1. Restricting to the chain, what percent of DSSP beta bridges are antiparallel, rounded to 5?
2. Give me Ser134, Ser188 sorted ascending by neighbouring Cβ count inside 10 Å, so fewest comes first.
3. At most 13 other Cβ atoms within 10 Å plus a DSSP loop assignment makes a site exposed; report the longest stretch of the chain without any exposed GluC sites (Glu not before Pro).
4. Taking the beta-carbon count within 10 Å as an exposure proxy, list Leu167, Leu56, Leu37, Leu100 from fewest neighbours to most.
5. Lys/Arg Cβ at +1, Asp/Glu Cβ at -1, dipole of the chain taken about the Cα centre: which of Leu189, Ala124, His69 is farthest positive-ward?
6. Check every DSSP H run in the chain and write down those whose alpha carbon atoms cover 24 angstrom or more along the long axis and whose mean Kyte-Doolittle hydropathy is -1.0 or greater.
7. In debye to the nearest 20, how big a dipole does the chain give about its Cα centre with +1 on each Lys and Arg Cβ and -1 on each Asp and Glu Cβ?
8. For Glu85, what residues show an amide H to amide H distance below 5 Å, using hydrogens built from the backbone and excluding near sequence neighbours?
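Please treat every number below as a calculation from the coordinates, not as lab data. Just so it is clear, the model here is predicted, and its values are computed rather than measured. Ideal geometry is used to build each Cβ from the backbone, glycine not excepted, and the neighbour counts take in all protein chains shown.
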Amino acid sequence: METIESVLKQMKALTQSAISSPESATRAKLASQFNELRSQVDNLAEDAHYNGYNLLKNTTGAFVGGADHLTVKFNERVDNNTVNELVVSGLKIADFKTILGASAVATGSGAKVWGQTGTAAILAITSAVRAIDSALVTVRQAAQNFGTNSAQLQIRIDFTTNLINTLRGGAAALVNADLNEESANLLSLQTRQELGTTSLSIAQKSEQSILRLF
């Protein structure tokens, strides 16, 4: 999203240059550059896919909205899905169209032609400026939503990582025992048992000796 925002800012800079340019030929060239950057926005969205998912656009064709939805399950439970899973919603078709905006027309006549003379060209370019401003707002809102989902996933990743480390530590304590330490513990236990047996034997003999006195 940061790269798309950067391209949109470049597109806005082109519109500002076009407004300040008095020559219709220059504005027409700027319109062509504007459209090239617009295509780059679509290409960036096209390349923003991983593992078959694209949260920005539909991958069936150029300039087509309708992104995927990514469902991340936290466990195998099926009850209360809002707790056990996270659904990351991709861009809506309307949002994608807002980000992509309308292409600029370099020459000719009409409401979108940048290469016209007089106020008609200024109105066409001003319309493009408003569209870019709207696109920037949409991109920032989408980036914020994705950032919130990313933070939630990071919390689950950290929890799962700590749990795995704890379980591995417990398994290692059970399986990878220190033989020297365990041998020492066994010897100590045997010694205590022998001392207990010896103490009991001495106590019995003492009782028998006392009884012989009577």
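1. Antiparallel bridges make up about 90 percent of those DSSP assigns within the chain.
2. The most exposed by this proxy come first: Ser188, Ser134.
3. Excluding the exposed sites themselves, the longest stretch runs over 77-214.
4. Fewest-to-most Cβ neighbours within 10 Å comes out as Leu167, Leu37, Leu100, Leu56.
5. Going by the Cα projections, it comes out as Ala124.
6. Going by DSSP H runs, the hits are 2-20, 24-47, 119-175, 179-212.
7. In debye, rounded to 20, the chain gives about 660.
8. Amide H to amide H, under 5 Å and 5 or more residues apart or across chains, Glu85 pairs with Phe74.
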